[in-house]
Every structure is written in C-alpha cells, then in structure tokens.
Amino acid sequence: MVLKHLLPSRSAIAHLRFVFSLFLMPVFCFALSQVPQFDAFKAILIFFIWHALAFPASNGYNSYFDRDEQSIGLLEKPPKVDISLYYFSIFIEVLAFGLSFLVSVEFAFAVLFYGITSKLYSHPATRLKKYPIVSFLTVFIFQGCFIYWSTFAALAGTSVFSGWNAHFIIAGAICSCLIGASYPLTQVYQHDEDSRRGDLTISILLGYKGSFMFSGALFATAILLTYLYWREVSLMPLYCFLICSAPIFVYFNYWFYKVGKSTSNANFKYAMRMNFISAGCMLLYFGGLMAIRLTSN
C-alpha cells in the first residue's frame with residue numbers, strides 16, 4: 001500500500017513547490033562564492049540535495065499537515081492534498097539523507113537535522129507554527145545560517161565544528177537576516193486562515209504594520225552585516241548589494257503604503273511579487289558573487 005503512494009499525484013507535485021525552494025538558492029550561492037576551493041561534483045550534489053530534495057520535501061510535508069484552502073507560496077488556489085504527498089515527501093527526504101553520505105557523514109546529519117526541524121514546524125503533535133517566536137527562530141536559523149554554515153563546510157570538505165571566526169559567523173547572520181526579513185511578509189496575507197487554525201504566526205503577532213517594520217529592520221541589519229563582512233576586503237561588493245537591493249526597497253515601500261491605505265492589499269498577489277522581486281535581486285547579487293568565484297579559477 002505504501003509503495004502505491006510513492007508515485008506522487010499532480011496535487012503532490014504542486015505542493016512540493018520546487019520553484020519556491022529556489023528562493024533559498026542565494027544562501028548556496030553565497031557559500032560557494034566564499035569557499036577557498038571545492039570539488040565540482042560535490043558542489044552539484046549538495047545543490048541537488050538541498051534544492052531538489054530536502055527543501056521540496058519540507059514544503060510537501062508541511063503542506064500535507066497544513067491542508068491550506070487559501071493561497072500559499074506560489075499556489076493561489078492550492079489543490080487538495082492526498083496521501084501521496086505525505087509518502088513522497090518522506091521518500092525524497094530519505095533519498096536526500098542517503099545521498100548526503102556521498103558528501104560527508106556530517107553533512108548527512110545536517111540534512112537529517114534540517115528535516116526533523118521542518119517536521120516539527122507543522123506536525124500536529126508539535127506544530128511550532130502556533131508559537132510566533134519559536135517558529136520565527138526555527139526559520140531564521142535553519143533556513144539561514146544553518147544552511148550556510150553546513151553548506152560551506154561540506155563544500156570546503158571541513159567540519160562545521162572547526163574554523164569558526166567572525167567572518168564565518170557574520171556570513172551566516174547575513175543569510176538569516178535576509179530569510180527572516182522575508183518570513184513575516186510570506187504570512188501577512190494568511191492572517192484569517194492561520195487564525196482559524198489556531199496558529200499565532202509572527203505576522204499575526206506583529207500585525208500588518210509591525211510585519212513590515214520588522215522586515216525592514218532585519219533587512220537593514222543585513223545591510224549593516226554586509227558592510228562588516230566586506231569592509232576589510234573591498235566595499236565594492238557592498239555597493240553592488242545596495243544596487244541590487246534597490247528594486248526590493250522600492251517595491252517594499254510601495255506595498256507598505258498600499259497596505260497602510262487598506263489591509264485588503266496584504267494579499268497573495270502583492271506577496272508573490274515581493275517574493276519574486278526579492279529572490280530575483282538576491283539571486284542576481286549572490287549569483288554574481290558565485291560567478292566571479294567560478295570564473296576566477
């Protein structure tokens with residue numbers, strides 16, 4: 001019976017939201033751009049494990065237990081979930097864990113630990129999503145600095161428990177601040193549905209105005225950290241970051257103004273535009289850093 005459900009339905013494929021996992025791609029690009037040297041095969045494998053397996057598995061597993069009826073990330077009208085979503089998300093997560101041993105034992109357990117924390121987020125027995133601070137910190141840490149630090153160590157062929165310095169810590173903090181800045185804005189249009197389920201998200205706790213102010217503060221912190229990261233090398237990467245961030249800043253303020261006029265503008269359409277603009281700009285910046293790193297060899 002389980003084997004029958006390992007073949008995902010069209011609904012299950014939709015809920016895996018493979019494209020949404022690409023929003024986390026800047027973290028991988030940043031890590032790769034900063035590694036002194038790496039193995040090309042392992043780099044491709046690490047990217048595949050995170051973005052084609054672990055992140056979609058997390059999306060699918062959480063969607064199965066959320067059973068959203070209104071808009072969620074990239075799905076304006078999410079199809080009804082079925083049991084194949086549950087089993088297939090487990091299957092590709094197990095596959096991610098198994099393939100991770102080809103990188104290193106330490107990386108495999110990093111992938112496993114990420115999978116466990118993502119399950120705690122939506123599973124009814126724990127449902128961290130009900131607790132605004134805990135759920136925020138879970139995403140802030142495990143989609144930001146945790147991914148950066150574990151990916152960097154895996155790419156470099158070193159242990160994540162060695163070689164810690166201010167530079168390494170700041171790089172992870174930049175990733176967490178950027179992820180954290182986006183997080184409340186991905187929830188700002190889901191207040192009604194989250195409230196009906198009894199989930200007190202960080203966006204509900206902060207309110208519409210507070211969500212934007214909190215996101216803006218975290219993004220400003222990311223800019224400060226970017227300055228601290230590059231100041232001893234060259235400020236040119238900081239200037240490039242500010243240029244790439246300009247469209248985000250413009251659209252963010254435009255959307256904030258619209259929501260201030262009417263909370264009906266805190267909707268799926270504006271949120272997805274914000275997601276694509278921010279993800280696109282950050283991919284341009286961090287992808288550029290990665291491209292420079294790859295062409296400099």
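All of the numbers you see were taken from the coordinates with simple rules; none came from a lab. Note that the coordinates shown come from a computational prediction; the quantities given were computed from them, not determined experimentally. Neighbour counts run over all protein chains shown; Cβ positions are idealised from the backbone, glycine included.
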*asked:* I'd like to verify something in the chain: which complete DSSP H helices, judged by Cα projection on the helix axis, reach 18 Å or more and average at least -0.5 on the Kyte-Doolittle scale?
replied: 83-100, 105-122, 166-182, 202-230, 236-261, 268-295
*Convex hull over the Cα atoms of the chain, averaged projected area in nm²?*
15.1
*Ratio to report: Rg/Rh of segment 253-297, with Cα atoms as the point set and Rh obtained by the Kirkwood method; give two decimals.*
1.29
*Give the relative contact order (percent, whole number) for the chain; include only Cα pairs under 8 Å separated by 6+ residues.*
22
*Taking a cut-off of 23 Å between Cα atoms, list the lysines near Lys261, but don't count ones fewer than 8 places away on the same chain.*
Lys209, Lys269
_Can you compute the helix-only [θ] at 222 nm over the chain? Use -39500 (n - 2.57) per DSSP H run of at least 4 residues, normalise by all residues, nearest 500 deg cm²/dmol._
-22500 deg cm²/dmol
*Within the chain, what's the longest stretch lacking GluC sites (Glu not before Pro) that sit in DSSP loops with no more than 14 other Cβ atoms inside 10 Å?*
77-231
